[in-house]
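Read-outs throughout are calculated quantities, based only on the coordinates presented, and are distinct from any laboratory measurement. A quick note: this is a predicted structure, and the numbers were derived from the prediction, not measured. Note: ideal-geometry Cβ built from the backbone for every residue, glycine included; neighbour counts use all protein chains shown.
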Amino acid sequence: MDNPYVCFDDMIAARRAEASRSILVQVQSETSLPDLYNYCCKFGNIKMLHYYSCGQNNFILIEFSETESVKAVLEFGTHLETEPVIPVRSPLLWFRTNKKKIKNLSRADNVISAGSIPYSSQNLQMPDNEELLRLLRDCETVSDQMMTLYLHSKLNDIGSRLRFLTARQIELMLCGVFPHIQAIPFGSSVNSYGKLGCDLDLSLLLDDITVNNNSRLVFQAKTRLNKRTSVQRQMEVVADLIQLLLPGCSHVRKILQARVPIVKFNQDLTFIECDLSTDNTAAIYMSELLYLLGYIDWRVRPLVFTVRWWAKEVMLTNSPHPGHWITNFSLTLLVIFFLQRENILPSLDFLMKTAGPEDDRVTEDGINCTFLRDLSKLPQPEQKNSKSLAELLLRFFEFYSTFDFATKAVSINLGTTINKPEPVAPMFIINPLERLLNVTKNMNFEETARLRIEAKNALSEFSVNAVHETFNDKKNWGLADLTRNQKKPPSEQYFSGLLKTPLKNGKRLVRVEELFNNTVENEVNGH
Ligand code: GTP
Ligand code: MG
């Protein structure tokens, strides 16, 4: 069903190597495949062609066997004499039609023979809602629905390739100044919870300070005065270079005052939105931790996908912009915590205790990111939890519909709740790697309450029967049922309605007020 477990570092290294052997070529249509294949064979052995389209645009990603072939392509590539362009060379190209050749070709020459050309064709985007609902309706159980949702929405091979190629384009631009620069994808592009079309979080690792005591030749260098200011200035320059020079990159925005300064931009040829930061090693290790947890039990990823999908459907995560609502990252941590309570996942402290010296990692800022990385060394839990996906989903809704966010903080480190370090924070998820920080610092009381309300709604929508029985009556049922009431966006009245007045459909909704009353009561009891 899924690829076998490959450790995170090996996966990243393999994807980066693959990107260094690849070029992306815009073509007229899928029928250009044989022509492009024949043309590119002269640069080296081609491992695979990957075709995709987006709207009217057609692309073929070519993976060669050797990086040298890409160098040869870039050496031989051309600009157009007729266009006043900046002469940048990047692995993103387009294939001009050979008018002479087209005349001489019979149609048969352009028919792709599956046997002769190593070729794949994949989607970049999720199936549309209608198609997804059809797929869900056709399933036999809720657990099947969850698996179907996961398999149809997870990031596919071409999605990963394009993300690493986008990173490669930036590396190539900066490698003159920093020969060992790495642009490392993190977040959902690599943590195994990414869906088709997800954004690309990238961190630039400029270069290690090389100390070679045997060398008498020392690099002339500029002194860095203040790390934050220096990072902000670098990001500013990188943003300008991307804007001015990189083909396909547009809509560059600098967000340099954030805790982690970032540059946002779109890569219009790979259809990816990027968030670029510098030296964000803790976030890379966080992605590694999530990746690892996703491989410990086969149910983790389908459950995370379902919860993230549900949250989007009920508009808990309804905006691409940051705000007071819960993020996908926080939701993932909530699922992980729940699975720790279910004895399916170990605590981070346990992974730290079982780590060996080879797992020692501390960031430049002193953040300890040591945890077991070799899953074959992970002891199995004494009691095995064999609940189905559907049972777990139901338990998840139950768990968080009554969760005491008022007094308790979620600790992935311990795998248990602790008393909230900051009572004023509506929700507190301890940042697993920087334990003094709250991952849900952005959330307000309304959004915290809404999470509990929607979990309660889901629980009542999603009757216990749905978990055990099988349905195939071609109507919306199970997961598809969770989407049914969510067609309209929430208006201001929706929120004020939730806050002040009882709702018409009393069966489904619990008032925020009631939850706050509970919360207040809990607080009173707790002291
Ligand atoms: P989507 O982009 O929504 O698909 O999910 P994502 O997991 O990529 O989340 P996002 O792009 O918001 O963040 C990227 C990564 O940055 C996460 O996976 C985390 O590793 C890290 N990250 C995001 N938000 C926080 C936060 O509040 N605190 C910390 N410490 N790390 C965060
Ligand atoms: Mg992301």
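Quick look at the values:
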| quantity | calculated |
| --- | --- |
| Gain on full stretching of the segment that runs from GLN383 to HIS324 - 0.36 nm per residue minus C-alpha separation | 17.4 nm |
| Under 16 Å from the Cα of LYS408 - aspartates and glutamates, other chains or at least 8 residues apart | GLU422, GLU521, GLU523 |
| Listed peptides 455-461, 413-419 by packing density, highest first (mean Cβ within 10 Å) | 455-461, 413-419 |
| Angle in degrees between helix 67-76 and the longest Cα principal axis of the chain, rounded to the nearest 10 | 60 degrees |
| More than 17 Å apart - percent of Cα-Cα pairs taken over the stretch 250-340 | 62 percent |
| Per-peptide average of other Cβ atoms within 10 Å, ordering 4-13, 330-339, 41-50 highest first | 330-339, 41-50, 4-13 |
| Helical mean residue ellipticity (222 nm; -39500 (n - 2.57) per DSSP H run of 4+; nearest 500) of the chain | -12000 deg cm²/dmol |
| Reach of LYS254 by Cα under 15 Å, taken over aspartates and glutamates that are not fewer than 8 positions away in the same chain | ASP201, GLU236, ASP240, GLU273, ASP275 |
| Compactness of the stretch 277-383 as Cα Rg over 2.2 N^0.38 Å, two decimals | 1.19 |
| Bins of 5 Å, starting at 0 and running to the largest distance - Cα pair percent for the stretch 239-282 | 5, 24, 30, 22, 13, 6, 0 |
| The stretch 299-338: translational diffusion in µm²/s, Stokes-Einstein, Kirkwood Rh over Cα pairs, 4 °C, 1.567 mPa s | 126 µm²/s |
| Out-of-range pairs (alpha-carbon distance over 30 Å; input LYS154/LYS227; LYS154/LYS353; LYS227/LYS441) | LYS154/LYS227; LYS154/LYS353 |
| Computed lengthening from ASN129 to ILE255, 0.36 nm per intervening residue step minus Cα-Cα distance | 42.1 nm |
| Debye log10 I(q)/I(0) for the chain, one point scatterer per Cα, at q = 0.06, 0.10 Å⁻¹ | -0.34, -0.92 |
| Ordering of 197-207, 162-172, 239-249 by burial proxy (mean other Cβ atoms within 10 Å per residue, highest first) | 162-172, 197-207, 239-249 |
| The stretch 209-262 pair-distance distribution - Cα-Cα, 10 Å bins, rounded % | 20, 34, 27, 17, 3 |
| Under 13 Å from LYS71, Cα to Cα: aspartates and glutamates that are on another chain or at least 8 residues apart | GLU63 |
| Length-normalised contact order of the chain in % [C-alpha pairs under 8 Å, at least 6 apart] | 13 percent |
